[in-house]
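Report on the structure given below.
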Amino acid sequence: MSQYDVESYPPLFRQPSIPFAISGVDPIEPTKQVLDSDPLPTIDLQSINHEQLSDACRDWGIFRLVNHGIPVTLLNHLHDHASKTFNLGFESKQALFTSPIAYFWGTPALTPAGVALQRGPHAQSFNWVEGLNVPLSLLSLFKAEDSLLQSLRLLLEEYGNHQSRLARTIFEAMAENLKMSAEQSEGYLSPSTGLLRLYRYPRACSSLANQAWGMDVHTDSSVLSILYQHEVEGLQINRGDDTWLDVKPIPNTLVVHLGDMMQIFGAVKLQNISCLLQLRIQAPVQQTTKICRSKVICDDSYKSVKHRVKLDKNKERISIGYFVFPDENCVIHSSRYKPFTYADFRAQVQQDLKTIGFKVGLPKFRLAE
């Protein structure tokens with residue numbers, strides 16, 4: 001690794017032998033290897049098979065998406081610009097990316113503003129990852145004189161538009177499977193919440209190859225997450241107990257994860273729903289809040305997949321994730337969970353991260369049996 005590359009990393013990443021870099025991290029256990037075939041179910045966006053989609057949501061919580069309509073040239077250019085951006089000096093990235101694009105490192109746990117959360121006493125010391133948090137609704141506000149960053153913004157806007165299209169199409173197919181009308185599902189997927197995360201994971205030196213994680217075990221809080229992997233593998237998904245499968249990067253395909261919110265939505269049989277407009281008078285300002293209320297029976301049949309990222313011994317890894325969420329004020333009612341909005345859920349997750357160091361997620365809202 002050249003001195004230029006070294007200086008692009010956060011200082012702690014340049015000293016892999018420091019003791020606290022691996023404290024509290026369990027050794028990486030052997031994973032089940034899948035040879036000669038891709039284990040993930042595959043969904044063709046151009047001709048969605050609803051039965052296969054339903055099976056993938058119930059049995060896997062993840063699937064590979066083909067014929068997604070994103071030009072290969074866009075994927076390649078975006079990866080190239082992301083790589084060049086990450087190769088800027090560490091201090092330069094901190095100065096250039098504050099708002100609306102935020103630079104982070106050491107943890108993927110961020111506030112809504114993109115600021116890294118200080119995690120509690122039981123957290124892993126840090127994750128070997130750095131990234132850019134890109135809220136798509138604010139991306140037009142990002143101004144840069146540098147031609148590389150100007151081009152990156154344009155590529156992110158184009159890519160974000162494609163991802164919004166994909167998320168709507170996939171969610172509409174899922175909603176159809178769940179017998180949800182357009183009115184019923186209106187608040188469940190809010191394109192204005194869409195954000196991109198660009199990640200870079202360093203190459204693992206020999207002393208860390210079996211101990212450090214790019215990202216530890218978690219589920220996503222989103223409705224849907226759509227991941228683009230470029231050549232270097234690292235994503236692993238849990239298939240129950242201690243079985244982990246490598247999700248290999250396959251050219252011109254995307255990987256779709258179901259998040260916690262999709263587990264809620266996918267687990268329900270809607271009985272009735274109404275969307276109300278609640279007018280809150282806060283003199284001198286009138287604020288209108290949309291609240292979606294649903295009465296549901298829940299059996300958690302769809303899965304929010306547990307996953308993690310391991311480091312590669314030979315190459316750094318760059319991936320790009322798209323995450324989309326419900327309307328913040330969409331109130332979800334379930335026979336198994338306390339009523340909550342996505343804003344409630346996010347606040348609880350962040351509180352848990354700060355106090356105990358890890359995400360509890362949906363079990364925090366589950367009613368006593």
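The values are calculated or read from the model by the stated rules, or taken from the named source; none is laboratory data. Computed from a predicted model, the values in this text were never measured in an experiment. Here Cβ is always computed from backbone atoms with ideal geometry, including for glycine, and neighbour counts include all displayed protein chains. Only protein heavy atoms, including side chains, enter the accessible area calculation; ligands, DNA and RNA are left aside. Shrake-Rupley method; radii C 1.70, N 1.55, O 1.52, S 1.80 Å.
Highest-first packing order for the peptide set 6-13, 66-73, 228-235 is 228-235, 6-13, 66-73, based on the mean count of other beta carbon atoms within 10 Å. In this simple spin-label approximation, ASN329 and VAL217 carry label points 7 Å from Cα along the Cα→Cβ vector, and these lie 3.9 nm apart. For a Förster distance of 41 Å, can you work out the FRET efficiency between the beta-carbons of LYS143 and THR169, rounded to the nearest 0.05? Efficiency at R0 = 41 Å is approximately 0.80. Atom-type composition of the exposed protein surface of the stretch 74-201 places 50 percent of the accessible area on carbon and sulfur (1.4 angstrom probe). Cα centroid separation, the stretch 81-97 to the stretch 296-349: 28 Å. Indicate the gyration tensor shape class of the stretch 80-191 (rounded, prolate or oblate), computed on the Cα atoms with a ≥ b ≥ c the square roots of the eigenvalues: a/c under 1.5 is rounded; otherwise a/b larger than b/c is prolate and the rest oblate. Because a/c hits 1.5 or more and a/b fails to exceed b/c, the stretch 80-191 counts as oblate. Between ASP246 and THR42, the C-beta separation translates, for a Förster distance of 25 Å, into a calculated FRET efficiency of about 0.95. Stokes-Einstein diffusion for the stretch 60-125 at 4 °C, viscosity 1.567 mPa s, with a Kirkwood radius from C-alpha pairs, works out to 86 µm²/s.
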